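**Q** Provided herewith is a single structure, encoded as structure tokens, for subsequent inquiry.
The values are calculated or read from the model by the stated rules, or taken from the named source; none is laboratory data. From a predicted model like this one, the values you see are computed outputs, not experimental measurements. In this analysis, Cβ positions are derived from the backbone assuming ideal geometry, glycine residues included, and neighbour counts consider all displayed protein chains. Ligands, DNA and RNA are excluded from the accessible area calculation, which covers all protein heavy atoms including side chains. Shrake-Rupley method; radii C 1.70, N 1.55, O 1.52, S 1.80 Å.
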2 protein chains.
Amino acid sequence: MTTFAIGVDLGGTNLRIAAVDESGKILDRITTSTAVGGSRDGVIDDMCQAVRAVQSRLASSKLLGIGIGVPGIIDLHTGMLRQSPNLPGWENYPVQQEIERRLGTKVFLENDANAAALGEQWLGAAAGFESSCMITMGTGVGGGLVFDGKIFHGMLGMAGEIGHVNVEPEGAPCGCGSRGCLEQYASATAIKRMATEAANSGLAPRLAQAIKDDPNFDSAKVYDLAMSGDAPSQEVFRRVGTALGIALAGLINIFNLPIYVIGGGAAASWDAFTPTMFEVVRKYSYIYRATSAPESPRQNVGTDREQSALTAKVTRITRASLGGDAGLIGAARLPISAMLGS
Amino acid sequence: MTTFAIGVDLGGTNLRIAAVDESGKILDRITTSTAVGGSRDGVIDDMCQAVRAVQSRLASSKLLGIGIGVPGIIDLHTGMLRQSPNLPGWENYPVQQEIERRLGTKVFLENDANAAALGEQWLGAAAGFESSCMITMGTGVGGGLVFDGKIFHGMLGMAGEIGHVNVEPEGAPCGCGSRGCLEQYASATAIKRMATEAANSGLAPRLAQAIKDDPNFDSAKVYDLAMSGDAPSQEVFRRVGTALGIALAGLINIFNLPIYVIGGGAAASWDAFTPTMFEVVRKYSYIYRATSAPESPRQNVGTDREQSALTAKVTRITRASLGGDAGLIGAARLPISAMLGS
């Protein structure tokens, strides 16, 4: 009897579900119209219904369990969310036990950035490496650490909050109560904020025009302007690259890992921020200078995955390769890893 | 037959050696007059001679191996030092193989800050915890990570370079080629430098007088002045505390460990820098704010070691308890851990 696991992604806008076999093949997937930020009980109802639908379509296979990637800080000792601004009503609610009770199968709750890191480690940009660190540039900035194939959780499951590492002591205030967090410079939200600040300064006419013309103005538009030569837009991405470079240099000095993966929606601006990022990592990490792989702003996954690159003891910074599926695939990996020990 | 291991500390001024049994009891120790920075072959000769002397005195016990704590960056794959400014001539020399050949026993080479972290984890401030992180404030600033009782090495053994984490993007230049490294604010060298800068500014008359009067002026003197109410000296320690606070906040956000230990000679100024340090950690880490243990600037080890504190899932920042022996004890722990798996 073949086996499979179900991954659930609550990290995006809509609830998404996939059935994945132990080799990583996606057997089935459902993208629901359920808004993740809607009523908690509604989201859980729809999730259970979608899981049952997938189960019935794969009735000849055995379900190992369900992994759920959740945007928020999870307390692993209680299986509850400690902090989840994007999931109203989920805090201090026994979500894991509730879903286990309803579906009669083992449920694994995981922070969505950790799940994405595990996905990239299993089947993406970090495949073949024992350990990796991933930074996810989304609405916020998330982080995940995978050591010897397992997510590093720390004492309570809160490890990997790379988005809240300080990169500018008296920098922009952050929702976490601190200032100058990486998230304030390297998230899609931050890119939009910095572009808006530039427009308001009166010194960025093209950005100002774009904001006026487009009610859906976002970080992708800033990227387009930067690539078309708009200096204020390029300056925004220099700040993104500087912040990422300082954070990565610290991570490299602390971890000495073989690979650091950058993903999430705002990583689509790779070409705009990486020239500065690589320059700044070099400046702030002598371990990177001593051990870095040949790099280019367009460095991509294919070349890195060659066996020679895998065995060489060099430090790599590379772009994620699974796109929006990283969290879904990583979530499905949780029950596979726990139940099969593979 | 009882067993023991030998720890060697090359991290200080003189070569020191201790024989330690598997319970951590020091059976014998030799502090030689050999200057660690002297001729490489002379240091190795004296080390081998001292090890043989200890062995002959403990002839009825079995030697498990020798652990050596070394100031420098070790490449674990070659057993050689990659960078060791304080050990002239040791770079790219097969020190591990050479000592194994001469003494006929297994040799484990380790960075001295990693060895100190392991020592504190085994018998010191972090005893009883599975994982810990240690910052050593010495001539430079070292770091060590112990996860599940083992030193975390990263890809090449270079992990834990916490002294070179950036705490001020455009800060003081560092010997590593970067700027604003923690080491430039929290080492004994940095305390002396910042005090000298204050004296040279003309606004710190008591510091200027102390420097003039005392050819051996050092960080301990700055501490004495700070504790006696000298404002410019207190300002030096506010900078120490700010830098440590920013670095610790980052480490807490990344690792979510139960305990962070601060040791090394300059940690003797604990009372002078910790009020600022705790304030800054609170400011920059919401994980610390959410999980911190009750703290006080005089927080000491005794209270933290109670069983209730050990099992409580709180974040602790505490002072090291083994003093100058941490590295020696940690070095001896290496063969015990490797040979007995305990």
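**Q** Provide a single number: the residues in segment B:57-84 that are aliphatic (A, V, I, L, M), part of a loop (DSSP other than H, G, I, E, B) and more than 14 Å from chain A (Cβ to nearest Cβ). Reasoning before the result, please.
**A** We begin by selecting, within segment B:57-84, every residue aliphatic (A, V, I, L, M); these are B:58-59, B:63-64, B:66, B:68, B:70, B:73-74, B:76, B:80-81.
Right, trim to part of a loop (DSSP other than H, G, I, E, B) and you get B:58-59, B:76.
With the extra rule that they be more than 14 Å from chain A (Cβ to nearest Cβ), the set shrinks to B:58-59.
Qualifying residue count, segment B:57-84: 2.
**Q** Which of the residues spanning segment A:228-247 are small (Gly, Ala, Ser) and away from chain B (no Cβ under 14 Å)?
**A** Residues of segment A:228-247 that are small (Gly, Ala, Ser), as a first pass: A:228-229, A:231, A:233, A:241, A:243, A:245, A:247.
Listed by number, the residues that qualify are A:SER228, A:GLY229, A:ALA231, A:SER233.
**Q** Please specify each residue of segment A:35-53 satisfying the condition of being open to solvent by 20 Å² or more (accessible area, probe 1.4 Å) and modelled with pLDDT under 90. Steps first, please.
**A** Keep residues of segment A:35-53 that are open to solvent by 20 Å² or more (accessible area, probe 1.4 Å), which gives A:35, A:37-42, A:45-46, A:49, A:52-53.
Selection gives A:ALA35, A:GLY37, A:GLY38.
**Q** So, one more: Please specify each residue of segment B:1-47 satisfying the condition of being in a strand (DSSP E or B) and among the polar types (S, T, N, Q).
**A** B:THR3, B:ASN14, B:THR31, B:THR32, B:SER33, B:THR34
**Q** Next question. Here's a check for you: in segment B:59-84, which residue that is of a type in the set (S, T, N, Q) and over 21 Å from the mean Cα position of the chain (by Cα) is surrounded by the fewest Cβ atoms within 10 Å (Cβ to Cβ)? Steps first, please.
**A** We begin by selecting, within segment B:59-84, every residue of a type in the set (S, T, N, Q); these are B:60-61, B:78, B:83-84.
Filter again for over 21 Å from the mean Cα position of the chain (by Cα), leaving B:60-61, B:78.
On the way: B:SER60: 7, B:SER61: 15, B:THR78: 14.
Of everything passing the filter in segment B:59-84, B:SER60 is surrounded by the fewest Cβ atoms within 10 Å (Cβ to Cβ).
**Q** Exactly one of these conditions fails for B:TRP90: (1) within 14 Å of chain A (Cβ to nearest Cβ); (2) over 12 Å from the mean Cα position of the chain (by Cα). Give me its number.
**A** Only one criterion in (1) within 14 Å of chain A (Cβ to nearest Cβ); (2) over 12 Å from the mean Cα position of the chain (by Cα) is unmet by B:TRP90, namely (1).
**Q** State the number of residues belonging to segment A:132-166 that are open to solvent by 10 Å² or more (accessible area, probe 1.4 Å), more than 8 Å from chain B (Cβ to nearest Cβ) and among the small types (Gly, Ala, Ser).
**A** Within segment A:132-166, residues that are open to solvent by 10 Å² or more (accessible area, probe 1.4 Å), more than 8 Å from chain B (Cβ to nearest Cβ) and among the small types (Gly, Ala, Ser) number 4.
**Q** Taking segment B:98-107 only, how many residues are open to solvent by 20 Å² or more (accessible area, probe 1.4 Å) and either touching an Asp or Glu at 6+ places or on another chain (Cβ under 7 Å) or under 13 Å from B:GLY327 (Cα atoms) (or both)? Spell out the reasoning first.
**A** We begin by selecting, within segment B:98-107, every residue open to solvent by 20 Å² or more (accessible area, probe 1.4 Å); these are B:98, B:100-106.
Right, trim to either touching an Asp or Glu at 6+ places or on another chain (Cβ under 7 Å) or under 13 Å from B:GLY327 (Cα atoms) (or both) and you get B:106.
Residues meeting the conditions: 1.
**Q** Here's something else I'd like to know. Just to be sure before I move on: is A:PRO232 more than 23 Å from A:GLY264 (Cα to Cα), without any contact (Cβ under 8 Å) to a residue 40 or more places away in the chain and open to solvent by 70 Å² or more (accessible area, probe 1.4 Å) in the structure I sent? Can you show your working first?
**A** Details: more than 23 Å from A:GLY264 (Cα to Cα): yes; without any contact (Cβ under 8 Å) to a residue 40 or more places away in the chain: yes; open to solvent by 70 Å² or more (accessible area, probe 1.4 Å): no.
So A:PRO232 does not fit the description; no.
**Q** Filter segment A:175-225 for residues that are touching a Leu at 6+ places or on another chain (Cβ under 8 Å) and open to solvent by 70 Å² or more (accessible area, probe 1.4 Å) and give the result.
**A** A:ARG206
**Q** When the residues of segment A:23-34 are narrowed to those that are of a type in the set (A, V, I, L, M) and over 20 Å from the mean Cα position of the chain (by Cα), which ends up least open to solvent (accessible area, probe 1.4 Å)? Steps first, answer last, please.
**A** If we filter segment A:23-34 for residues that are of a type in the set (A, V, I, L, M), which is where we start, we get A:26-27, A:30.
Next cut, over 20 Å from the mean Cα position of the chain (by Cα) only: A:27, A:30.
On the way: A:LEU27: 67, A:ILE30: 35 Å².
Here the residue is A:ILE30.
**Q** Restricting to segment A:137-159, give me the number of residues that are part of a strand (DSSP E or B), closer than 15 Å to A:ILE259 by Cβ and within 16 Å of the chain's Cα centre (by Cα).
**A** Applying the first criterion (part of a strand (DSSP E or B)) to segment A:137-159 yields A:137, A:141-147, A:150-151.
From what is left, the residues that are closer than 15 Å to A:ILE259 by Cβ are A:143-147.
Keeping just the survivors that are within 16 Å of the chain's Cα centre (by Cα) gives A:143-146.
The number of residues fulfilling the criteria is 4.
**Q** Quick test for you: out of A:THR276, A:THR242, pick the one residue that is part of a helix (DSSP H, G or I), among the polar types (S, T, N, Q), in contact (Cβ under 8 Å) with a residue 40 or more places away in the chain and open to solvent by 10 Å² or more (accessible area, probe 1.4 Å).
**A** Details: A:THR276 fails: in contact (Cβ under 8 Å) with a residue 40 or more places away in the chain.
A:THR242 is the lone residue from the list that is part of a helix (DSSP H, G or I), among the polar types (S, T, N, Q), in contact (Cβ under 8 Å) with a residue 40 or more places away in the chain and open to solvent by 10 Å² or more (accessible area, probe 1.4 Å).
**Q** Give the residues of segment A:257-271 that are part of a helix (DSSP H, G or I) and either closer than 23 Å to A:GLY160 by Cβ or open to solvent by less than 20 Å² (accessible area, probe 1.4 Å) (or both), sorted by residue number.
**A** So in segment A:257-271, the residues part of a helix (DSSP H, G or I) come out as A:265-271.
The answer is A:GLY265, A:ALA266, A:ALA267, A:ALA268, A:SER269, A:TRP270.
**Q** Can you work out which of the residues in segment A:274-292 that are polar (S, T, N, Q) and touching a helix residue (DSSP H, G or I) at 6+ places or on another chain (Cβ under 6 Å) is nearest to the other protein chains (Cβ to nearest Cβ)? Full working, then the answer.
**A** Start the filter on segment A:274-292 by keeping residues that are polar (S, T, N, Q), which leaves A:274, A:276, A:285, A:291-292.
Filter once more, so that each one left must be touching a helix residue (DSSP H, G or I) at 6+ places or on another chain (Cβ under 6 Å): A:276, A:285.
Values: A:THR276: 13, A:SER285: 7 Å.
Looking at the filtered set, the residue picked out is A:SER285.
**Q** Find all pairs meeting these conditions: Cβ atoms under 7 angstrom apart; at least six residues apart or on different chains; first residue within segment B:252-273 and away from chain A (no Cβ under 14 Å); second residue at pLDDT below 95.
**A** Here the result reads B:GLY264/B:GLY138; B:GLY265/B:GLY138; B:ALA266/B:GLY138; B:ASP271/B:PRO297; B:ASP271/B:ARG298, each pair linking segment B:252-273 to a residue that is at pLDDT below 95.
**Q** Hey, another quick one. Can A:SER61 be described as more than 19 Å from A:LEU109 (Cα to Cα), of a type in the set (S, T, N, Q) and in contact with a strand residue (DSSP E or B) (Cβ under 6 Å, 6 or more places away or on another chain)? Even if it seems obvious, please write down each step before you answer.
**A** Values: more than 19 Å from A:LEU109 (Cα to Cα): yes; of a type in the set (S, T, N, Q): yes; in contact with a strand residue (DSSP E or B) (Cβ under 6 Å, 6 or more places away or on another chain): yes.
Yes; evaluated as a whole, the condition is true for this residue.
**Q** Looking at this structure, is B:ASP9 closer than 30 Å to A:PHE255 by Cβ, touching a Lys or Arg at 6+ places or on another chain (Cβ under 7 Å) and acidic (Asp, Glu)? Quick ask: steps written out before the conclusion?
**A** Working: closer than 30 Å to A:PHE255 by Cβ: yes; touching a Lys or Arg at 6+ places or on another chain (Cβ under 7 Å): yes; acidic (Asp, Glu): yes.
Against the criterion (closer than 30 Å to A:PHE255 by Cβ, touching a Lys or Arg at 6+ places or on another chain (Cβ under 7 Å) and acidic (Asp, Glu)), B:ASP9 qualifies.
**Q** On to the next question. One residue is enough: does segment A:106-119 have a residue meeting the conditions of a type in the set (Lys, Arg), in contact with a helix residue (DSSP H, G or I) (Cβ under 7 Å, 6 or more places away or on another chain) and not in a helix (DSSP H, G or I)?
**A** Here is the first cut: in segment A:106-119, the ones of a type in the set (Lys, Arg) are A:106.
Retained after the next criterion (residues that are in contact with a helix residue (DSSP H, G or I) (Cβ under 7 Å, 6 or more places away or on another chain)): A:106.
Going one step further and asking which of them are not in a helix (DSSP H, G or I), we end up with A:106.
Yes: segment A:106-119 contains one or more residues that are of a type in the set (Lys, Arg), in contact with a helix residue (DSSP H, G or I) (Cβ under 7 Å, 6 or more places away or on another chain) and not in a helix (DSSP H, G or I).
**Q** A further question follows. Considering every residue within segment A:85-97, establish whether at least one is modelled with pLDDT under 90 and either part of a helix (DSSP H, G or I) or crowded, with 24+ Cβ neighbours inside 10 Å (or both).
**A** No.
**Q** Looking at (1) within 14 Å of another protein chain (Cβ to nearest Cβ); (2) at pLDDT 95 or above, which is the only condition B:ALA326 fails?
**A** Only one criterion in (1) within 14 Å of another protein chain (Cβ to nearest Cβ); (2) at pLDDT 95 or above is unmet by B:ALA326, namely (1).
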